[in-house]
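Q: So that we are looking at the same thing, I have put the structure below in structure tokens.
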Amino acid sequence: WKMGDLLEKLAELEHEQWMSWSKNLSENEKISENTFYRWWELWSPYCELSEDQKEKDREWARKVINIVKEHIK
């Protein structure tokens, strides 16, 4: 894999993880209506997100890549 491909795969995984967490939280905890609708708009496949939203997931993906790089030196 090229680094850009890896970054996108990890960002997509991060988004899936966030969706799982946020959906679970919204079903089991009391969250504000505002938060629910803001999240609801983001409960979409990664490929359908705006570039700004994708970049938020990429930030976390870069953290994973950096941790892996530190451990394979």
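Q: Checking the structure you have, find out if any residue of the range 26-49 is touching a Phe, Trp or Tyr at 6+ places or on another chain (Cβ under 7 Å) and part of a helix (DSSP H, G or I).
A: At the first step, the residues of the range 26-49 found to be touching a Phe, Trp or Tyr at 6+ places or on another chain (Cβ under 7 Å) are 26.
Adding the requirement that they be part of a helix (DSSP H, G or I) leaves 26.
Scanning the range 26-49 turns up at least one residue that is touching a Phe, Trp or Tyr at 6+ places or on another chain (Cβ under 7 Å) and part of a helix (DSSP H, G or I).
Q: Follow-up question, since we're still on this one. Name the pairs: first residue in the range 16-40 and aromatic (Phe, Trp, Tyr), second residue surrounded by 12 or more Cβ atoms within 10 Å (Cβ to Cβ) and at pLDDT 95 or above, Cβ to Cβ under 7 Å, at least 6 apart or on different chains?
A: So the pair list comes out as Phe36/Ser26; Trp39/Ser22; Trp39/Ser26.
Q: Okay, next question. Looking only at residues that are within 12 Å of the chain's Cα centre (by Cα) and of a type in the set (A, V, I, L, M) in the range 21-63, which one is least open to solvent (accessible area, probe 1.4 Å)?
A: Residue satisfying both the conditions and the ranking: Ala61.
Q: Something else about it: Tell me, yes or no, whether the range 11-20 has at least one residue that is over 19 Å from Glu55 (Cβ atoms), open to solvent by less than 90 Å² (accessible area, probe 1.4 Å), in a helix (DSSP H, G or I) and touching a Ser or Thr at 6+ places or on another chain (Cβ under 9 Å). Talk me through it step by step, then tell me what you get.
A: Just the residues of the range 11-20 that are over 19 Å from Glu55 (Cβ atoms), to begin with: 20.
Then drop every residue that is not open to solvent by less than 90 Å² (accessible area, probe 1.4 Å), which leaves 20.
From the residues that got through so far, the ones that are in a helix (DSSP H, G or I) too are 20.
Now narrow it down to the ones that are touching a Ser or Thr at 6+ places or on another chain (Cβ under 9 Å): none.
No - not one qualifying residue is present in the range 11-20.
The values are calculated or read from the model by the stated rules, or taken from the named source; none is laboratory data. Owing to the predicted nature of the structure, the values given are computational and were not obtained by experimental measurement. When we count neighbours, we look across all protein chains shown, and the Cβ atoms used for this are built from the backbone with ideal geometry, even at glycine. These area figures cover heavy atoms from the full protein model, side chains too; ligands, DNA and RNA do not enter into them. Shrake-Rupley method; radii C 1.70, N 1.55, O 1.52, S 1.80 Å.
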